[in-house]
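Since the structure comes first, as structure tokens, the remarks are kept for the end.
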Amino acid sequence: MNLGTRKLLDRSFTALGFGSIVIMGLALLVVLAPIASKGIGAIVFQGTIEHRKMLLSEFGRGDAEKISKEEASAKEARQKVFDMLATFDQELEQMDFDRQSKYRNSYEQVKSALRGLYGPLPGDTEPALMRFQYGQTRWDKAEEKLHELLYEQKWDYSNPDVIAKPYDVSRAAEFEGTSLVKLFSYVEENLDRMMLPEWTIYWGFITDSSIDAHFFGGIWPEIQGTIFLAIGAMLFAFPLGVIAAIYFTEYARDGFLTSMLRSANSTLAGVPSIVFGLFGLAFFINTMHVSHSKSVLAGSLTLAIMVLPTIIRAAEEAILAVPKTYKEASLSLGSTKWNTIVTVILPAALPGILTGGVISLGRAAGETAPIIFTAAVSVGTAIGIGDVLSSPTPALSWNIYNLASEHEAAAEIRHVQYGMVLSLVTIVLLLNLSAIILRARISKKLKG
Amino acid sequence: MPMALEATGMKKKSNDSAVLDIYLPPERKKIEGGGKPHVVAKNFSIYYGEFEAVKKVNADILSKYVTAIIGPSGCGKSTFLRAINRMNDLIPNCHTTGALMFDGEDVYGKFTDEVLLRKKIGMVFQKPNPFPKSIFDNIAYGPRLHGVKDRKTLEGIVEQSLRKAALWDEVSDRLDKNALGLSGGQQQRLCVARTLAVEPEILLLDEPTSALDPKATAKIEDLIQELRGSYTIMIVTHNMQQASRVSDYTMFFYEGVLVEHAPTAELFTRPKDKMTEDYITGRFS
Ligand SMILES: Nc1ncnc2c1ncn2[C@@H]1O[C@H](COP(=O)(O)OP(=O)(O)OP(=O)(O)O)[C@@H](O)[C@H]1O
Ligand SMILES: [Mg+2]
């Protein structure tokens, strides 16, 4: 190959490599950017007076005087709406049955949209669920509710060949000729007076417990549960994994048993995580009875079994990568084998061992399936450190799944879900980052 | 009676070539209290599995003197040297027959503590292998291992060892720096100092200068001269000038067989064996 071709190939390969890194970076950005922007929306948003009211009465936070003033002014603005409703109620009474039934359905929708905005309307019985006791706490959601109020969504079935399409019908047109027609333009024009939006930074999203199944409050129990489970898993898996790796690399003789153990370890690394979850339930809870039912302990043990192969393999590789000459030097100075392992081999292998450990920690924090049957509950309060042996805990991974699929009002609290995803991603990224920094530091110390 | 002493009674060879004269060693002083058999091999063989790498060696290594081991590549020099402090234990299928005695004790005896043995028989390897720790911690590694905890005592040992290894002046102001930052020659002297810090009786050197430049090599050779008389030293080398410069006795191995073992001056000027002569005159290597 001549020099020209070689240089050309060199250059095109460089371009290829650079290009693929750029593509990977972009892909990461495409995934992370929406998570970040929407997740931050759970903390930084325009909160309404309802949000401040809720914080004051449920968490005792906020300036009570200012809030009661705001409440009064919002109430004043809302009062006109309530008056219009009362007027229309009377008007409805006097209509004949046909006209009544024409409006009744849509009128109920109007009221329900207004409840979404303001909370219970005058004359309503006090709702049992807390989510119905307050109006809309977020301005962006309030604007959605306004749209619901202003337009009725109908479906276009006219063309049987295509899937029906929704279209909006103005309620103002629907209620043309009644007293209610003024309500729509009034609410539209005065929404901010009635809701009083204000830019809010709600750190409580990270530090508060949730109220009424994540409708209000924060995700601290989930964050704490995730941390407990991940650290608990590492407490079991890390020492065990490192000891196993030491055994494999320094003590095991090549034989049938060793190769069996090795292949068992490799196989374990490929087992789907749901299998570990079922195993955890069957073994730790039903057979070993480590706890009465789901608990942080059982979940940690299950996660530990899951990450063990990764830790063993990373530690094994790190130990094998330690130059043999270190070991020779130590032994030739009259060191015992164990002493050599502890004072020379492990310190030199530490960066690799730690990397494996932190990657496993991240994995333990993120896995859902192993904890479904062994540790996780959907809604719960933060448990104390003393309860880890017997209490289950909410955890980010499981609650993200739960909010996305099983929660009865998933669409109402998307921001909580994004906030959880962002928290989980942040935790895992921070862990990996700390692994990289730790590794770089130790390597630098070793290299001098 | 050591083989080396027999060799002195040999007849002078008639065809002494001029080439051999350059290998004449400098006058060496007799060492008081030295010359006792320190390591004794009796029909000592070393196997890697079935392969007999060192074959039925009989030799006395004399205390306090420097013994060089020479021979072509693969003849078993390292294998023999590493057998003396049982570094070959690290190789799974390596075993020995015959006897190897150190101070009258069987090195491969059932009740021999190889850890204690290695404390008394230190080794410096071909490639400098300091630990990725500070210079101080490198030297203090052995003493700490054997129970020295007091900082002052450790400092004393570190300084002494570095002085013995002629490295003190170069590193005294950066003992806390990582040893991997030293030059190759300094690293090798550090390894010598590290070995000396455990106060061994025997110093085994396996081609200690093959990875070093001539200047660093000269320093190590000077160092060996310094240490001669305080320790029993065995040095494997490919460099025959080096063997003649630093050693009192020389062992020549060929394909696992100890062909000749004689005072260095004898072996290089009046080799008893044709094979030895061919080797030292460079007819093969
Ligand atoms: N771990 C081992 N397993 C099997 N055979 C080995 C092993 N180490 C060395 N040998 C063999 O034993 C013989 C002697 O090797 P040794 O390393 O002692 O030679 P040497 O004289 O030190 O050579 P060099 O001058 O190249 O260092 C060689 O034939 C070598 O191939
Ligand atoms: Mg060798």
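Nothing in this text is a laboratory measurement; each read-out follows from the coordinates by a stated rule. The shown structure was predicted, so the numbers you read here are calculated from the model rather than taken from an experiment. Cβ: placed from backbone, ideal geometry, glycine included. Neighbour counts: every protein chain shown.
Does B:ALA218 satisfy being part of a helix (DSSP H, G or I), within 15 Å of B:ALA166 (Cα to Cα), away from ligand 2 (no atom under 16 Å from the Cβ) and of a type in the set (A, V, I, L, M, F, W, C)?
On the way: part of a helix (DSSP H, G or I): yes; within 15 Å of B:ALA166 (Cα to Cα): yes; away from ligand 2 (no atom under 16 Å from the Cβ): yes; of a type in the set (A, V, I, L, M, F, W, C): yes.
Yes: the conditions hold for B:ALA218.
Of the conditions (1) assigned to a helix (DSSP H, G or I); (2) surrounded by 15 or more Cβ atoms within 10 Å (Cβ to Cβ), A:HIS147 satisfies every one except a single condition; which number is it?
(2)
From (1) in contact (Cβ under 8 Å) with a residue 12 or more places away in the chain; (2) within 16 Å of ligand 1 (Cβ to nearest atom), pick out the condition that doesn't hold for B:PRO92.
Only one criterion is unmet by B:PRO92, namely (1).
Go through segment A:90-113 and give me each residue that's free of Cβ contacts under 8 Å to residues at least 40 places away in the same chain and of a type outside the set (S, T, N, Q). Before the answer, list the steps.
At the first step, the residues of segment A:90-113 found to be free of Cβ contacts under 8 Å to residues at least 40 places away in the same chain are A:90, A:92-102, A:104-105, A:108, A:111-113.
Scanning segment A:90-113 gives A:LEU92, A:GLU93, A:MET95, A:ASP96, A:PHE97, A:ASP98, A:ARG99, A:LYS102, A:ARG104, A:GLU108, A:LYS111, A:ALA113.
Anything in segment B:47-76 that is more than 13 Å from ligand 2 (Cβ to nearest atom) and more than 30 Å from B:LYS29 (Cα to Cα)? List them, or say none. Even if it seems obvious, please write down each step before you answer.
Kept after step one, since they are more than 13 Å from ligand 2 (Cβ to nearest atom), are these residues of segment B:47-76: B:47-52, B:55-68.
Selection gives B:TYR47, B:TYR48, B:GLY49, B:GLU50, B:PHE51, B:GLU52, B:LYS55, B:LYS56.
Assess whether A:GLU408 counts as being of a type in the set (D, E, K, R) and crowded, with 20+ Cβ neighbours inside 10 Å. It would help to see each step written out before you state the result.
On the way: of a type in the set (D, E, K, R): yes; crowded, with 20+ Cβ neighbours inside 10 Å: no.
No: the conditions fail for A:GLU408.
For segment B:95-131, give me the residue count where each residue is more than 11 Å from chain A (Cβ to nearest Cβ) and within 16 Å of ligand 1 (Cβ to nearest atom). Show your work before the answer.
Residues of segment B:95-131 more than 11 Å from chain A (Cβ to nearest Cβ): B:95-112.
Right, trim to within 16 Å of ligand 1 (Cβ to nearest atom) and you get B:95-97, B:100.
Going through segment B:95-131 one residue at a time, the tally reaches 4.
Only helices (runs of 4 or more DSSP H) wholly contained in segment A:350-448 count here; list those with 2 or more residues that are closer than 24 Å to B:PRO132 by Cβ and touching a strand residue (DSSP E or B) at 6+ places or on another chain (Cβ under 8 Å). Can you show your working first?
Numbers: elements: A:369-372, A:396-405, A:414-447.
Where helices (runs of 4 or more DSSP H) fall fully within segment A:350-448 and carry at least 2 residues being closer than 24 Å to B:PRO132 by Cβ and touching a strand residue (DSSP E or B) at 6+ places or on another chain (Cβ under 8 Å), they are A:414-447.
So B:GLY256 passes all but one of these: (1) within 14 Å of another protein chain (Cβ to nearest Cβ); (2) within 16 Å of ligand 2 (Cβ to nearest atom); (3) more than 20 Å from B:TYR65 (Cβ to Cβ). Which condition number does it fail?
All conditions are met except number (1).
Quick check: anything in segment B:160-169 without any contact (Cβ under 8 Å) to a residue 40 or more places away in the chain, within 14 Å of chain A (Cβ to nearest Cβ) and either among the charged types (D, E, K, R) or closer than 22 Å to B:ILE233 by Cβ (or both)? Please lay out each step first, then the result.
Within segment B:160-169, the subset without any contact (Cβ under 8 Å) to a residue 40 or more places away in the chain is B:160-163, B:167-169.
This time we only want the ones that are within 14 Å of chain A (Cβ to nearest Cβ), so: B:161.
Of the ones still in play, those that are also either among the charged types (D, E, K, R) or closer than 22 Å to B:ILE233 by Cβ (or both) are B:161.
Scanning segment B:160-169, I find at least one residue that is without any contact (Cβ under 8 Å) to a residue 40 or more places away in the chain, within 14 Å of chain A (Cβ to nearest Cβ) and either among the charged types (D, E, K, R) or closer than 22 Å to B:ILE233 by Cβ (or both), so the answer is yes.
Which numbered condition in (1) within 14 Å of chain B (Cβ to nearest Cβ); (2) crowded, with 20+ Cβ neighbours inside 10 Å is the only one that A:VAL342 fails?
Single failed check for A:VAL342: (2).
If a residue has to be touching a Lys or Arg at 6+ places or on another chain (Cβ under 7 Å) and crowded, with 24+ Cβ neighbours inside 10 Å to count, how many in segment A:292-325 make the cut?
Adding up the residues that qualify gives 1.
Give the residues of segment B:77-118 that are within 16 Å of ligand 2 (Cβ to nearest atom) and assigned to a strand (DSSP E or B), sorted by residue number.
Within segment B:77-118, the first condition is being within 16 Å of ligand 2 (Cβ to nearest atom), and the residues that meet it are B:77-85, B:87-88, B:90-91, B:94.
Answer for segment B:77-118, where residues must be within 16 Å of ligand 2 (Cβ to nearest atom) and assigned to a strand (DSSP E or B): just B:CYS94.
Would you confirm, using the coordinates I've provided, whether A:SER335 is small (Gly, Ala, Ser) and outside any helix (DSSP H, G or I)? Quick ask: steps written out before the conclusion?
Values: small (Gly, Ala, Ser): yes; outside any helix (DSSP H, G or I): yes.
Yes.
I'm checking my understanding of the structure. Among residues of segment B:221-254 that are away from ligand 1 (no atom under 12 Å from the Cβ) and in a strand (DSSP E or B), which one is surrounded by the most Cβ atoms within 10 Å (Cβ to Cβ)?
Residues of segment B:221-254 that are away from ligand 1 (no atom under 12 Å from the Cβ), as a first pass: B:221-235, B:240-250.
Imposing the further condition that a residue be in a strand (DSSP E or B) reduces the set to B:228, B:231-235, B:249-250.
On the way: B:ARG228: 21, B:TYR231: 22, B:THR232: 25, B:ILE233: 22, B:MET234: 27, B:ILE235: 26, B:TYR249: 27, B:THR250: 30.
Here the residue is B:THR250.
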